[in-house]
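Below: the structure, in structure tokens.
The values are calculated or read from the model by the stated rules, or taken from the named source; none is laboratory data. None of these values were measured; they are calculated from a predicted model. Cβ coordinates were reconstructed from backbone atoms using ideal geometry, including for glycine residues, and neighbour counts include every protein chain displayed. We work out accessible area using only protein heavy atoms, side chains counted, and drop any ligands, DNA or RNA first. Shrake-Rupley method; radii C 1.70, N 1.55, O 1.52, S 1.80 Å.
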Amino acid sequence: MVSTVSDRPGYGQLLRTPGAWTFLLPGFAARQPFAMLTIGIVLLIQHTTGSYGSAGAVAAVSGVSMALFAPQTGKLADRFGQRAVLLPGVLVHAASVAALTVLALADAPIWALFLAAVPTGASIPQIGPMVRARWAAVLGAAPGREASPLMSTAAAFESVTDEFTFVIGPVIATALCTGIHPAAGLVAEAALTLVGGLFFAAQRATQPTVREAGTAGSPRHASALSVPGVRVLAVAFLGIGAVFGGMQVSLTAFAEEIGSPGSNGVLYGIFAAGNMLAGIACGAIAWKTGPRRRLIAGYAALTLTASGLWAVHSVPLLAGLGLLVGLCIAPALISGYTLVEALVPNSARTEAFTWLTGAVALGQAAAVTVAGQLADAHGASTGFLVPLVGTVLALATLLTLRSRLVPSTPGRTVARGIGHRGPVTVD
């Protein structure tokens, strides 16, 4: 159920939040390279080795490294402040990308490229989670109490921003690699990361407050994974990653199979457009239904729409079903991120967001591998089973462990998820 137009907390109200623009603009510039890295690696390595397999393997190493190290970056940002983590992080990332680029152009052996890909992925600045943490800080979100109605709008805004980034980032990187030099995409990625990250780090006024451990009222620096709800959400977000990865590979294989490789871009663009449109709509609605119920409903709809992908064999039908799948992703993502505001204390919020982002990346990496093998062995249609299986398992996890998604009230140990004195209603 939604509210009337008169009390709708829309994007205009959100963007009038004091201090918002000071981190939104540099944050957008700093997160843009994240969408350029994978395609930049693939295009450069394929150019130097002549192998898409080698290029994909190096990109996968970078992605897995990011998924494993991102939560640790978030935990450090929560403990020492975003600026303290970003300043060395962007320098390490720029140096790592430069090393990978030089090694590739020098025709270094594949093992050397793998080694360089590890710090490249591990040092990717977690700008998206940091921006979400800043929204929570400026909107006054706190665990155990009702979140600001603008938090859902902020989560939707960030989902749309992420999707927009992943639409234009690969286009920019591809244009640079094909129009200027195969290494131009990675060079631009490193430069944008460095400049955007430094500008973002300079916005001290909006970064979440860091309190010294042991001082009065200071939060304990417990890991975000000690919150049961975060563990449940991380598993659920693996399913969203399975949708992204499975769709990327399976749509490409489908387009090749029907002899129309050019249709791949159109099909994936329609899928991404559905995600963006749903994100915009979700942020424009003042929901009276709680985020936990919306999360489960979103996953149920995502599972239902994904269940028909494997049986579709025409471009128009696949485009229509892909649009529906995209429309169902944003509500699930937004609801999950909104739940974090109620489940996790300020002292672990950035880390919590990075666990979810890392789970999506890890699910995507696994789905790309499995869907590719299925498509090679049994045809493109079997690759579409990966999004279905991923969402079914995620939905089953949410239904079984939905009680873990209820936050504790203030004054009790949120990180342990026990001692509820009357849980806040999130349904």
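Across the accessible surface of region 83-145, with the other protein chains kept in place and a 1.4 Å probe, carbon and sulfur atoms take up 76 percent. Per-atom-type breakdown for region 21-82 gives carbon and sulfur 69% of the accessible area (1.4 Å probe, protein chains only).
Against the criterion of solvent-accessible heavy-atom surface with a 1.4 angstrom probe, I296, I45 sort, most first, into I296, I45. Protein heavy-atom accessible surface, 1.4 Å probe, per residue over region 289-348: 31 Å². In this rough spin-label picture, where each label sits 7 Å from Cα along the Cβ direction, the A396-A281 distance is 3.0 nm. Rolling a 1.4 Å probe across the protein heavy atoms gives region 20-64 an accessible surface of 36 Å² per residue.
With a sphere of radius 11 Å drawn around the Cβ of G74, what net charge do the other residues whose Cβ falls strictly inside it have (Lys, Arg +1; Asp, Glu -1)? Here the count lands on +2. For region 35-143, the C-alpha radius of gyration divided by 2.2 N^0.38 Å, with N the number of residues, is 1.22. Packing here is the average count of other Cβ atoms within 10 Å per residue, and on that basis the peptides 72-79, 358-365, highest first, run 358-365, 72-79.
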